[in-house]
Each structure stands twice: as structure tokens, then as C-alpha cells.
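What follows draws every value from the coordinates through simple rules; no lab data is involved. Since this is a predicted model, take the numbers as computed values, not measurements. A quick note on method: Cβ atoms are made from the backbone with ideal geometry, for glycine too, and the neighbour counts reach across all protein chains shown.
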């Protein structure tokens, strides 16, 4: 092989290696760079009049019930699609048996406690957005809490 072919092969191998690392690593890199899972082309289209439901996890600090932490994929250490699936299954939005939902909820609580110490409660809030003719109609109705779990112990992440 000539030197030019070796350089081209090396370049292709490096590009494929970097993309593979970005896709299969467990770092938060996955959520920010193309051509990865959260790319918009993988989202569903919505028609006017439909509602989009957005879930948000909130952790309540032990010191003060007013002190809260928004918990996303980065804070939990998961990619956003698997985290969303875990949350939806834990609260029963995806059909399945209740024993499995309880097991997944326990897994979610353990993961939150391990990654974000000092929390005494984990809450899941939902906000519905209506799709209008020109996009989302804002402001929508205020978010409401759909599930809350106490976190055992003193919230120190044990």
C-alpha cells in the first residue's frame, strides 16, 4: 500500500473510532454531539392540537423543603433516552406489571442517591405543552407533581 492509502485508512479508522467511543461510552459526551441518539431527526412529529408531555425530576434537599435540585441525564449519569424510559416505566406511564415498576423505581432512587447526595425526596413533575399552528403554545398550564418518593436515610447518599 502507498503512503497515501495508509493515511486515508488511518484517518477513517480514527473517525470511526471516535464516533464509536462517543456512541458507546458512558460519559455525558453522548448527549451533546452528532451523530448520536439525541439528534432531532429521531424525535416524533406532532400535529396542531396534540399535547407533548415533558417530565422533569426534582430532588428535594434535606435541609430545606424549598431547596430543590433539577435532575437531568447529566446529573444522574445516564443518557437522556434511557433515563426517560426508566422514569416513565418507574411511574407506570409505560404499561407493564406493577412489581417491575416498583423495582425500576427503587433502581432510580438508588441511582439518584448515589449520584446526588443530600436529597431526602425524589419527585417527578409533568408539564403539558399544546402544539399550535406555529409551534408550541406558551405559556402552557403549570407543571404538576405526578409522583414522589422519599429517599431513605439522612440523604447523605448511603
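So the values come out like this:
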item: Exposure proxy order (Cβ contacts within 10 Å, fewest to most) of 112, 131; result: 131, 112
item: Linear extension gain, residue 24 paired with residue 56, 0.36 nm per residue minus alpha-carbon span; result: 9.0 nm
item: Residue order, fewest to most surrounding Cβ atoms within 10 angstrom, among 116, 81; result: 81, 116
item: Simple spin-label estimate for residue 67 and residue 146 in nanometres, 7 Å along Cα-Cβ; result: 2.9 nm
item: Contour excess over end-to-end distance, with Cα ends at residue 15 and residue 3 and 0.36 nm allotted per residue; result: 2.5 nm
item: When the stretch 87-139 is reduced to its Cα atoms, the Kirkwood hydrodynamic radius in Å; result: 13.4 Å
item: Likely footprinting exposure, 104, 138, 55, fewest C-beta neighbours within 10 Å first; result: 138, 55, 104
